[in-house]
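Participant: Starting off with a structure, shown below.
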Amino acid sequence: MNVIFVEPFFPNNQRRFVAALAGVGANVIGVGEYGEHDLGDELRGQLSAYYRVGNVTDEGQLNAAVEWAQSHVWVDRLESTIESHQMTAARVREARHIPGTSVRTTWLCRDKPSMKEALRAAGVPTAASTAVETVDAAVAFANEVGFPLILKPRAGAGALDTTRVDSMDELRGALVNFGSYDSIAIEEFVEGHEGFYDTIAIDGRVSQDWVTHYYPNVLEAMRHRWISPQFVTTNRIGDSPFYAEVREMGARVIEALGIGTSATHMEWFYGPKGLRFSEIGCRPPGVGAWDLYSAANDVDVYREWAHAIVHGTTERPLSRAYSAGIVALRPSQDGRITGYSGVDEIQQRHGEWVIDAHLPEPGTGTQPVEAGYMANAWVRMRHPDYDTVRGMLDDVGRTVKVWAG
């Protein structure tokens, strides 16, 4: 099978997808923005060809690259794994008659108001939402639904630029900050615990899946330096009626949006109103989630995805042997890291359960709190018992300090 992969070099994680595709027997043709000499021997050796463009999100440039590839070989798949690349890849995929995720499905997985309208029509429980282009439209929605409300870009990824407002004054003030967007999504704030449901789907059916929990919810985690936030994937997915409900909702979402063979990343809330869909991406999750899933299940999830793309099946069953999670460690202030405390204590107490850790060298510049879970220091752990790994991650967050000045 000949697979074109968009932007194999950057960010660094992209190389895992290329290695996996090559490892299951695909001929991988890279299209990227970097010079071939930048790729390095290992990545270059995993590519059967490489075509450089100035901008992979420019439809004309990507189309020219694919047309070049099709002039030499039959192209079976065109794959992209970065959110901002999805729509361009879908448009070129359809224009060049290559199987894969359609423009309609990609649009529904990126445009949040359209996504939720389609899912409400399919009976999937979601928050009330709409797209607004004027202050008056936002005020009218607020008067109808009430506060709190959530504002976000229509096609944003994760918590990027997501804002909660609790009053009309806050709404008007927040809308000023969204001035660079022609249209934004506004939706009812759903109270409850937040998590995500990730899958590898093949021909619209879930082949492998994972349920993961946030502690605390993302908006709170991204606002406060003192919080050492976590997300933890559970190995109890087959033991709970609640997880059965999450899986059933995920399957309905995949069917309603027309997702075929793809990775998916779906966020959900559970609270007083029950389980509610939040949003979905037709792509792998970010922030190293697949690394946790691999460590928790004795598989290489990147290879499982590649096997699904190339051979139409996943390769190995998930062991569900461990629950696994990450705890983010925030520097004491913005500036440069000066040192750490508590690392040796954690190693003595829990060292056998540490998967890996990232502790930037003293002198490294810090990243702001809102930059995310892997922006500064972090530790990843696993354990056969979900509650135990949660407790260990809590211990790391209390004990390890990242000092900056």
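The values are calculated or read from the model by the stated rules, or taken from the named source; none is laboratory data. These numbers were taken from a predicted model, which means no experiment stands behind them. Positions of Cβ are generated from backbone atoms using ideal geometry, with glycine treated the same way; all protein chains shown enter the neighbour counts.
Participant: Which of the residues that make up the range 65-99 are surrounded by fewer than 21 Cβ atoms within 10 Å (Cβ to Cβ), small (Gly, Ala, Ser) and under 21 Å from the mean Cα position of the chain (by Cα)?
Facilitator: Within the range 65-99, Ser84 is the sole residue that qualifies.
Participant: Here is a follow-up. Test of understanding: among Ile254, Ile227, Ile237, which residue is among the β-branched types (Val, Ile, Thr), assigned by TED's automatic domain parsing to the domain that holds Thr388 and either free of Cβ contacts under 8 Å to residues at least 12 places away in the same chain or crowded, with 22+ Cβ neighbours inside 10 Å (or both)?
Facilitator: Only one candidate passes the filter, namely Ile254.
Participant: Return the total of residues in the range 185-199 being touching a His at 6+ places or on another chain (Cβ under 6 Å) and either closer than 13 Å to Leu219 by Cβ or not charged (D, E, K, R) (or both).
Facilitator: Residues that pass the stated criteria total 1.
Participant: Let me ask you something else. For the range 85-114, how many residues meet the condition of being modelled with pLDDT of 95 or more and in a helix (DSSP H, G or I)?
Facilitator: Within the range 85-114, residues that are modelled with pLDDT of 95 or more and in a helix (DSSP H, G or I) number 18.
Participant: Need the failing condition index for Pro216 against (1) surrounded by 21 or more Cβ atoms within 10 Å (Cβ to Cβ); (2) over 17 Å from Arg320 (Cβ atoms); (3) out of contact with any Phe, Trp or Tyr (no Cβ under 6 Å at 6 or more places or on another chain), just the number.
Facilitator: (1)
Participant: Scanning for something assigned to a loop (DSSP other than H, G, I, E, B), within 25 Å of Ala308 (Cα to Cα) and polar (S, T, N, Q), does the range 61-73 turn up at least one residue?
Facilitator: Within the range 61-73, not a single residue is assigned to a loop (DSSP other than H, G, I, E, B), within 25 Å of Ala308 (Cα to Cα) and polar (S, T, N, Q).
Participant: I'd like the full set of residues that are farther than 21 Å from Ser294 by Cβ and over 20 Å from the mean Cα position of the chain (by Cα), limited to the range 352-396.
Facilitator: Those that are farther than 21 Å from Ser294 by Cβ and over 20 Å from the mean Cα position of the chain (by Cα): Leu359, Pro360, Glu361, Pro362, Gly363, Thr364, Gly365, Thr366, Asp387, Gly391, Asp394, Asp395.
Participant: Okay, moving on. Looking at (1) farther than 24 Å from Ala371 by Cβ; (2) touching a residue at least 40 places away in the same chain (Cβ under 8 Å), which is the only condition Pro317 fails?
Facilitator: Against the list (1) farther than 24 Å from Ala371 by Cβ; (2) touching a residue at least 40 places away in the same chain (Cβ under 8 Å), Pro317 comes up short only on (2).
Here is a yes/no grid of residues against (1) within 30 Å of Ala65 (Cβ to Cβ); (2) among the polar types (S, T, N, Q); (3) within 20 Å of the chain's Cα centre (by Cα); (4) surrounded by fewer than 16 Cβ atoms within 10 Å (Cβ to Cβ):
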position	(1), (2), (3), (4)
Arg110	yes, no, yes, no
Ser114	yes, yes, yes, no
Thr126	no, yes, yes, no
Thr130	no, yes, no, no
Val135	no, no, no, yes
Ala138	no, no, no, no
Gly146	no, no, no, yes
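Participant: What is the residue count in the range 130-184 for residues that are of a type in the set (D, E, K, R), assigned to a loop (DSSP other than H, G, I, E, B) and modelled with pLDDT of 90 or more?
Facilitator: Selection size over the range 130-184: 1.
Participant: Can I ask one more? Looking only at the range 351-405, count how many residues are touching a Phe, Trp or Tyr at 6+ places or on another chain (Cβ under 8 Å), farther than 25 Å from Ala296 by Cβ and among the charged types (D, E, K, R).
Facilitator: 1
Participant: Now a separate question. Between residues in the range 329-353 that are closer than 17 Å to Ile227 by Cα and residues that are of a type in the set (Ser, Thr, Tyr), which pairs lie under 6 Å by C-beta distance while being six or more apart or on different chains?
Facilitator: Leu329/Ser228; Pro331/Thr366; Asp334/Thr366; Gly342/Thr399
The rows are residues; the columns are (1) more than 19 Å from the chain's Cα centre (by Cα); (2) on the phi > 0 side of the Ramachandran plot; (3) modelled with pLDDT under 95.
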| site | (1), (2), (3) |
| --- | --- |
| Ser207 | no, no, no |
| Leu219 | no, no, yes |
| Asp239 | yes, no, yes |
| Glu248 | yes, no, no |
| His265 | no, no, no |
| Phe269 | no, no, no |
| Pro272 | yes, no, yes |
| Phe277 | no, no, no |
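Participant: Quick check: anything in the range 219-227 in a helix (DSSP H, G or I) and not aliphatic (A, V, I, L, M)?
Facilitator: yes
Participant: Does the range 189-208 hold any residues that are surrounded by fewer than 20 Cβ atoms within 10 Å (Cβ to Cβ) and either touching a strand residue (DSSP E or B) at 6+ places or on another chain (Cβ under 7 Å) or among the hydroxyl-bearing types (Ser, Thr, Tyr) (or both), and which are they?
Facilitator: Scanning the range 189-208 gives Phe189, Glu191, Gly192, His193, Val206, Ser207.
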